[in-house]
Amino acid sequence: MPKIAAITGGGQGIGRAIALAYAKEGYRVSIADVDYDAGMETLSLLKPYTNDALFMKLDISKEEEVRLWMERTAAELGGIDVLVNNAGIMHNEDVFALTAEQFHRVISVNLGGAFLCSQAAARLMKESGKGGSIINMASTRAYMSEANTEAYSASKGGIAALTHAMAVSLGDYGIRVNAISPGWIEVRDWQSGSKKERPVHSEIDRSQHPVGRVGKPEDVASACLYLSSDQAGFITGQNLTIDGGMSVKMIYAEDEG
C-alpha cells in the first residue's frame, strides 16, 4: 500500500521539489497552496510519477480550510503518513514601521498554520494506529538574522520550539516531529509560470558556503525523505540545518579604506 505525503506550499519553490521527490518515491501526494495556478502546475508535474495526487487551494492559517484539506486527503488518498509544513510568507519591514497586523499575519501563516496542519494530520495518524512523520520548515533565521526581519525570524524561531514540543506530545502515538532549517536555497528556477528564471551566482555567493555552492530545493527534499523514512525512526524533536555550512563560517567585513 503506497504511503501518503501532504505538503503545504507545494505550488512552487522548495515545496514543489518536495512534492516531486515523494511522488518519485512512490508516495501518493496531496499539496496545498494559496496560489491556484502554481498548485495546478505542480499537480501536472506529478502525473508522470503518480496517478494518486491532489491539490487544494487554501490558506493554512484558516482552521476550517485545513480541516477540509486533511479530510479530502484522507478520503481520496487513503490517510496520511507524512506531513511537510513548508508553506510560509515573509514581510520584511523597517522595525519601526512594521504594523501589528503585518507581524501577526506572518506569525499566523508560518507558525499558526504549521500548528493547525500538524494538529489535523496528527489526529488522522493517531486514528490510523500507524503513527507518522511531521516535518516543519524552520530556517537559519531562527537563530541568526539580518535587519528588519523580525516577523519572519520570530515565526521560524517559534517553529523550532513547536517542533520539540509536539515531538514530546505525540511520541506516544508513534508520531515523530522534526524540523529542517534551510539557509540560502535558490528557488528562482523552481517558480511557477513566467516567474521562473535561470539563477546566476557570483564567486562571492559560492564562497560564502564551505561546500562551494548555493543550496538547491532538492537538498531540502532529500532531507525530508530521510527524516520521514524508517532509517530515521530514532530521530524526533530535532532541527536539521541545511545551509552548506554557511552559518558556521566566520565572515569578516573588509576594510575598504
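Read-outs throughout are calculated quantities, based only on the coordinates presented, and are distinct from any laboratory measurement. Just so it is clear, the model here is predicted, and its values are computed rather than measured. For neighbour counting, all protein chains shown are included, and Cβ atoms are generated from backbone atoms with ideal geometry for every residue, glycine included.
Distance in nm between label sites at Tyr226 and Ile242, each 7 Å beyond Cα in the beta-carbon direction?
0.9
For the charge dipole of the chain, defined by +1 on Lys and Arg C-beta atoms and -1 on Asp and Glu C-beta atoms about the Cα centroid, which residue among Ile18, Leu98, Tyr49 has the Cα displaced farthest towards the positive pole?
Tyr49
Pairs of alpha-carbon atoms within less than 8 angstrom and 6+ residues apart define the contacts here; what relative contact order does segment 4-248 have, in percent?
20
What number results when the radius of gyration of the chain, computed over Cα atoms, is divided by 2.2 N^0.38 Å? List each step's numbers first, then the result.
Values: Rg = 18.1 Å, N = 257, 2.2 N^0.38 = 18.1 Å.
The chain yields a ratio of 1.00.
May I ask you to list the lysines whose Cα is less than 18 Å away from that of Lys3, ignoring any residue fewer than eight positions away on the same chain?
The qualifying lysines are Lys24, Lys47, Lys126, Lys130.
Run the numbers for Glu93 and Ile251: contour at 0.36 nm per residue of separation, minus the present Cα-Cα distance, in nm.
Here the segment from Glu93 to Ile251 would lengthen by 54.4 nm.
What FRET efficiency do you get for Arg123 and His201 if R0 is 45 Å and r is their Cβ-Cβ distance, rounded to the nearest 0.05?
Given R0 = 45 Å and the Cβ-Cβ separation, E is 0.55.
Order of Ser229, Ser153 from fewest to most other C-beta atoms within 10 Å? Provide the component values of the computation, followed by the final result.
Values: Ser229 13, Ser153 21.
Ranked by crowding around the Cβ, least crowded first: Ser229, Ser153.
Compare the Cα positions of Ile80, Gly245, Ala179 along the charge dipole of segment 4-248 (+1 at Cβ of Lys, Arg; -1 at Cβ of Asp, Glu; about the Cα centre) and return the one farthest towards the positive end.
Toward the positive end, the furthest listed residue is Ile80.
What whole number of Å gives the distance from the Cα centroid of segment 5-81 to the Cα centroid of segment 178-257?
23
Counting helices only, and only those DSSP H runs with n ≥ 4, report the 222 nm mean residue ellipticity of the chain as the sum of -39,500 (n - 2.57) divided by its residues, in deg cm²/dmol to the nearest 500.
Estimated from H runs of four or more residues: -12000 deg cm²/dmol.
Return Trp69, Trp184 ranked ascending by Cβ neighbour count within 10 Å, so the fewest neighbours appear first.
Taking fewest neighbouring Cβ atoms as first place, the list is Trp184, Trp69.
With a point put 7 Å past each Cα toward its Cβ, work out how far Val211 is from Lys62 in nm, to one decimal.
So the two model labels end up 3.7 nm from each other.
Is there a quick way to get the dipole size of the chain? I mean about its Cα centre, with the Cβ of Lys and Arg at +1 and of Asp and Glu at -1; what is the value in debye to the nearest 20?
800
Sort Lys24, Lys249 so the one with the fewest other Cβ atoms within 10 Å of its own Cβ comes first.
Values: Lys24 15, Lys249 12.
Placing the least packed residue first, the sequence is Lys249, Lys24.
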